[in-house]
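Novice: Before I ask anything, here is the structure I am working with.
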Amino acid sequence: MGTTLTKAPESAAHTVDAAGVAARIEHVSKSFATPAGQQLVLDDITLDVRQGEFVTLLGASGCGKSTLLNLVAGLDRPSAGAIATDGRPALMFQEHALFPWLTAGKNIELALKLRGLPKAERRPRTEELLTLVRLDGAYGKRVHELSGGMRQRVALARALAQDSKLLLMDEPFAALDAITRDVLHDELSRIWRETGVSVLFVTHNVREAVRLAQRVVLLSSRPGRVAHEWTVDIEQPRRIEDAAVAELSVEITEELRGEIRRHGQH
Amino acid sequence: MGSTETTTPAPREGQERDTHDLAGLEAGLDALDTVQTGRPPLRETLVQKVLPPVTAVVLVLVVWQILVWVKVTDGYKLPAPDAVWQEVENAWLQGTLLEYIWTSVSRGMFGFLMALAIGTPLGLIVARIKFVRAAIGPILSGLQSLPSVAWVPPAVIWLGLNDKMMYAVILLGAVPSIANGLVSGVDQVPPLFLRAGRTLGATGLRGTWHIVMPAALPGYLAGLKQGWAFSWRSLMAAEIIAQSPDLGMGLGQLLEAGRTNSSMSQVFLAILLILIVGIAIDLIVFSPLERWVLRSRGLLVKS
């Protein structure tokens, strides 16, 4: 699979060696035109996601987490800097974004079809993916017949159907209740280990970030900059209520609060 | 159930819950959270959906009969219900009843299908190409408010008194409705679906086919429904105005013939048939289609 380069229009072309790297974000800035003039949302972000790595992006509102994810997904272009990914990444949203005119299984099959998998292989692969997210027998279910947690699992299966090296997740569990979210954390950890996919996971939930990630990246707000980075050495599998998870969460929360407090001082 | 189940050892601290445990937990959550939906029983449907309109029709007939009995107006202005029924029976026995209906319905349906074939690509182009939208979008929605009977005189002059003129009037009436329905359907597609489609690789024509069209289907169907109503109305206007032996006897011609014969019961017969056909096509074709689409997407909320 070739390397996809998303570059700012004005930046000089340069190749990125993506060996061992699922996504390389280099000096990326993004600004949007507003009535008050150009507003800088992301400022000189540099970040690598290694093959098979699980990285969470953490930040308060206005840190441009989702903007960064859109850039990596290729849905938008950076104003400066370059982003290189190994193939087209898969993207999961906070809303399940499943197509209501298709059944759960057909949603997954559409992703397989769009990536060019031959027709005969689609159905068996779909069943495999449904089994992976523990939804055997849900093939013919309509989206509205599924619970919130089941919908997100179908959305995860659909994202995995793209067979991307990199899975981008934009607060995918934020709208779920606590028990369901906890279960989905376990599932995501298991699936990540089983598939070896690299994950870039955006959240504003510190515990969630520590529970899931090998590396937590804290972004400052307005504009978004990499403020701090932690390597999470806690042994997998983890639980969200583990003491080690709580301890690191306290430290990160302090840092996050500090970042937020700066915006109240003028 | 499950009385012989052996107790599994509790997972140790810091250890992942064993996979069987997680699977069971998840199955429980799924079962608790899943909404049960089913279709209402037939009896309920009859009482809630069939009874009210039947009652309304019976009520209208009763009021009508009473008005005739108390002689609110001259007999030639208001025929009795049974006189109109007599008219139906005569037409049926002469074998002309179905002929009237078929002449008009076949014309209306053929015209509608042509309007569908033209309105669909037109709507898609207007919805997706900004320049075209700015150029003809306003004209298209303006045309919807133009009564299609206004097209009858120019159509007669251009095309003469023939079937072509009828179809021209139907097209001018129905194409804007169908195209506009599709445009508003496309406009209402949630941006999230478009983003999700793009990340899955559905761009350009593939995006239109796999994402935009199915997502716009409810709006499109509403446009089709309105398009049929406009087709039928346009056709009736054309049939009433355009009288010619070549055109055969449609419902519009029947209505006009009733007027020239000063036969109020024939006029009533024609009006009733026009109304019934319009409602029947909607009930038989469009409503089930619309309900099926909405139901399969979970958009049909039971009140």
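Novice: Against the definition (open to solvent by 20 Å² or more (accessible area, probe 1.4 Å), not hydroxyl-bearing (S, T, Y) and not in a strand (DSSP E or B)), how does A:R207 come out, yes or no?
Specialist: When the stated conditions are applied, A:R207 passes them.
Novice: When the residues of the range A:215-228 are filtered to those that are among the charged types (D, E, K, R) and assigned to a loop (DSSP other than H, G, I, E, B), which remaining residue is most open to solvent (accessible area, probe 1.4 Å)?
Specialist: That would be A:R222.
Novice: Could you say which residue among B:V68, B:V84, B:V47 is open to solvent by 60 Å² or more (accessible area, probe 1.4 Å) and either within 14 Å of chain A (Cβ to nearest Cβ) or farther than 29 Å from A:V133 by Cβ (or both)?
Specialist: Testing whether each residue is open to solvent by 60 Å² or more (accessible area, probe 1.4 Å) and either within 14 Å of chain A (Cβ to nearest Cβ) or farther than 29 Å from A:V133 by Cβ (or both) leaves just B:V47.
Novice: Restricting attention to helices (runs of 4 or more DSSP H) lying wholly within the range B:214-303, give those where 3 or more residues are farther than 30 Å from B:G197 by Cβ and in contact (Cβ under 8 Å) with a residue 40 or more places away in the chain.
Specialist: B:251-260, B:264-281
Novice: Ok, one more. May I ask you to list pairs of residues, at least six apart or on different chains, whose Cβ atoms are under 8 Å apart, with the first in the range A:80-104 being closer than 19 Å to A:A174 by Cα and the second being open to solvent by less than 10 Å² (accessible area, probe 1.4 Å) and assigned to a loop (DSSP other than H, G, I, E, B)?
Specialist: A:M92/A:P172; A:F93/A:P172; A:Q94/A:P172
Novice: Which condition number in (1) outside any helix (DSSP H, G or I); (2) open to solvent by less than 60 Å² (accessible area, probe 1.4 Å); (3) more than 14 Å from every other protein chain (Cβ to nearest Cβ) is the one that B:A174 fails?
Specialist: Failed condition: (1).
Novice: While we're on this one: Please go through the range A:229-266 and give me each residue that is assigned to a loop (DSSP other than H, G, I, E, B) and surrounded by 11 or more Cβ atoms within 10 Å (Cβ to Cβ), ordered by number.
Specialist: Once the filter is applied, which keeps residues that are assigned to a loop (DSSP other than H, G, I, E, B) and surrounded by 11 or more Cβ atoms within 10 Å (Cβ to Cβ), the range A:229-266 yields A:V232, A:I234, A:Q236, A:P237, A:R238, A:R239, A:I240, A:D242, A:H263.
Novice: Would you pick out the residues in the range B:250-298 that are within 14 Å of chain A (Cβ to nearest Cβ) and open to solvent by 40 Å² or more (accessible area, probe 1.4 Å)?
Specialist: Scanning the range B:250-298 gives B:L289, B:E290, B:W292, B:L294, B:R295.
Novice: Also: Restricting attention to strands (runs of 3 or more DSSP E) lying wholly within the range A:33-145, give those where 1 or more residues are away from chain B (no Cβ under 13 Å) and over 16 Å from the mean Cα position of the chain (by Cα).
Specialist: A:37-50, A:80-86
Novice: In a helix (DSSP H, G or I) and over 21 Å from the mean Cα position of the chain (by Cα) - does that describe any residue in the range B:110-118?
Specialist: Among the residues of the range B:110-118, not one is in a helix (DSSP H, G or I) and over 21 Å from the mean Cα position of the chain (by Cα), which makes the answer no.
Novice: Sticking with this structure for a sec: Can you tell me which residue among A:L212, A:L200, A:L168, A:L184 is surrounded by fewer than 24 Cβ atoms within 10 Å (Cβ to Cβ) and either touching a residue at least 24 places away in the same chain (Cβ under 8 Å) or more than 14 Å from chain B (Cβ to nearest Cβ) (or both)?
Specialist: A:L184
Novice: Being open to solvent by 40 Å² or more (accessible area, probe 1.4 Å) and without any contact (Cβ under 8 Å) to a residue 60 or more places away in the chain is the filter here; which residues of the range B:123-141 pass it?
Specialist: Listed by number, the residues that qualify are B:I125, B:I129, B:K130, B:F131, B:R133, B:A134, B:A135, B:I136, B:P138, B:I139, B:S141.
The values are calculated or read from the model by the stated rules, or taken from the named source; none is laboratory data. Computed from a prediction, not measured in an experiment: that's the story for all the values here. Don't worry about glycine lacking a Cβ; one is built from the backbone with ideal geometry, like all the others, and counts go over all protein chains shown. Protein only, heavy atoms only, side chains kept; ligands, DNA and RNA dropped before computing areas. Shrake-Rupley method; radii C 1.70, N 1.55, O 1.52, S 1.80 Å.
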